[in-house]
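The values are calculated or read from the model by the stated rules, or taken from the named source; none is laboratory data. Model, not experiment: these values are computed from the prediction. Backbone-built Cβ (ideal geometry, glycine too); neighbour counts: all protein chains shown.
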Amino acid sequence: MTLTMTDLFCGAGGSSTGAVQVPGVTVKLAANHWKLAVDTHNSNHPTTDHDCADLSQVEPRRYPRTNVLWASPECTNHSQAKGKKRNVDAMPDLFGDTLPDEAAERSRATMWDVVRFAEHHRYDAIVVENVVDAALWVLWPAWRSGLDALGYCVHVVYLNSMHAQAGGLPAPQSRDRLYVVRTCARRVART
């Protein structure tokens, strides 16, 4: 069986490198907003189609459908490792008295690109990789509900990727990660 995969927010290609180690998996497309990352990914995966684009501005139909979506939306503004303490009192409130940091909000909003692409392509499976603090995002329940509404069943896994090698060398760093695995156990008809 052959599975095709799209790697959004692909970085230099670590996720794609791991994916192609699985027999039968081919990464058809990799996209990221940072040219250096896309160029590096292209060096590591020359048979993959590449696109350097701001994915929040891309229409999902621009890319062909694949069986699997792997997405690693920007995590900097979900992570406490950034050096800023999470301040719940500074979160946007009902009456709009508190204004959020616009760049941080745009960063966190890249999670919604997963929902947009899933709605259009109806992938057979989706894997979203991020920092564990992403689950503390104020819109986490709404984001999960968006994928639930598309008919995806969810499995949330917390894992330090350093300990997840099936063979070969372990990851060269120790970082806890959140993996949201979505499968289409119950399909919702396209309209």
Of the residues that sit in region 1-14 and are more than 26 Å from D54 (Cβ to Cβ) and not polar (S, T, N, Q), which one is farthest from the chain's Cα centre (by Cα)? M1
Matching entry among T40, T26, T17 (being more than 16 Å from the chain's Cα centre (by Cα), within 24 Å of A171 (Cα to Cα) and part of a helix (DSSP H, G or I)): T40
Report the residue count in region 1-13 for those that are free of Cβ contacts under 8 Å to residues at least 40 places away in the same chain, surrounded by 17 or more Cβ atoms within 10 Å (Cβ to Cβ) and of a type outside the set (A, V, I, L, M, F, W, C). 1
I'm checking my understanding of the structure. Among residues of region 43-62 that are part of a loop (DSSP other than H, G, I, E, B) and within 16 Å of the chain's Cα centre (by Cα), which one is farthest from T2 (Cα to Cα)? D54
Can you find a residue that is at pLDDT below 95 and either polar (S, T, N, Q) or more than 23 Å from M111 (Cα to Cα) (or both) anywhere in region 143-160? yes
Quickly run through region 126-166 and pick out the residues that are touching a residue at least 60 places away in the same chain (Cβ under 8 Å) and part of a loop (DSSP other than H, G, I, E, B). A166
